[in-house]
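Right, one structure below, let's go through it.
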Amino acid sequence: MRLYTYFRSSAAFRVRIALNLKGLAYDPTFVHLAKGEHLQADYAALNPQALVPALQVDGALLTQSLAIMEYLEEVQPQPALLPADALARARVRALSLIVACEIHPVNNLRVLKYVKNVLGHTQAETDAWYRHWIADGLAKLEAELKRPGTARFCHGDAPSMADCCLVPQVFNAKRYDCELAPYPTVMRVFDACMQVGAFDRAQPSKQPDAE
């Protein structure tokens, strides 16, 4: 398997965690988003979405981090990223989507560049945009994690797809100096995850392309 990745991409971070949790080896190819390498013709020809991550496997190119994690779950069910019970699986997917669909899309690099460079906002205003939507999303995630089912991790006592999504989002929040004290359950789960080698090895600072 070949993973097209960028050390600061939270979506790629999710997939790196999942691959590590399942013990699956992969060859990384680094696509530097800040330098615009994802927009170059060779990568756009490979992946018309011009995004990371992308996973090349068996002659196919898989895109979108949650779809990639679902694929990994199907081809290598153990250790599981989704619980066996249908209701529990739905909860884990919902927790994952709070991050992947509610928080991340309005705060990714291309949105922040548009807010600053096209709409003409200052860096301080752009950072305020980021922190506003982080606070909004993490408050929702915190409320959901206080519901039954959360234990050491987002759901139960084993890492799931939801934890693969939570950890990169907290890393991003820390990078932008977001206030995290209002989210004690989120941070407790984050701390538990970071005690697991699969999460630690996937973090941005430990990637070969880290600057």
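Which residue fluctuates most in the GNM of the chain (Cα springs below 10 Å): Leu46, Leu138, Leu81?
So, out of Leu46, Leu138, Leu81, the one fluctuating most is Leu46.
Would you mind estimating how fast region 86-199 diffuses translationally, via Stokes-Einstein at 4 °C and 1.567 mPa s with the Kirkwood radius over Cα pairs, in µm²/s?
D, rounded to a whole number, is 89 µm²/s.
Write down the percent of antiparallel bridges among all DSSP beta bridges whose residues are both part of the chain, to the nearest 5. Provide the component values of the computation, followed by the final result.
Values: 7 of 12 bridges.
Roughly 60 percent of the DSSP beta bridges within the chain come out antiparallel.
Under 10 Å, Cα contacts only: if you run a Gaussian network model on the chain, which one of Glu144, Glu179, Glu73 comes out with the highest mean-square fluctuation?
Its mean-square fluctuation being the largest, the pick is Glu179.
Using a Gaussian network for the chain with springs between C-alpha atoms less than 10 Å apart, which of these wobbles most: Ala173, Ala192, Ala67?
Maximum among the listed residues: Ala67.
Using Cα centres only, tell me the gap between region 104-129 and region 1-37 in whole Å.
Region 104-129 and region 1-37 have Cα centres separated by 24 Å.
Taking the simple approach of a point 7 Å from Cα along Cα-to-Cβ for both Asp136 and Arg93, what is their distance in nm?
The answer from the label model is 2.5 nm.
Hey, fewest Cβ within 10 Å first, where do Glu125, Glu74, Glu37 land in order?
Neighbour counts put them in this order, fewest first: Glu74, Glu125, Glu37.
So if I take the alpha carbon set of region 22-131, get Rg, then get Rh from the Kirkwood formula, what is the Rg over Rh ratio?
1.04
Taking the simple approach of a point 7 Å from Cα along Cα-to-Cβ for both Val111 and Leu180, what is their distance in nm?
Going by the 7 Å Cα→Cβ label model, 2.0 nm.
Values in this text are rule-based calculations from the coordinates and carry no lab data. All figures in this text were calculated on a predicted structure; none of them were measured in a lab. As a convention, Cβ positions derive from the backbone with ideal geometry for all residues, glycine included, and neighbour counts pool all protein chains shown.
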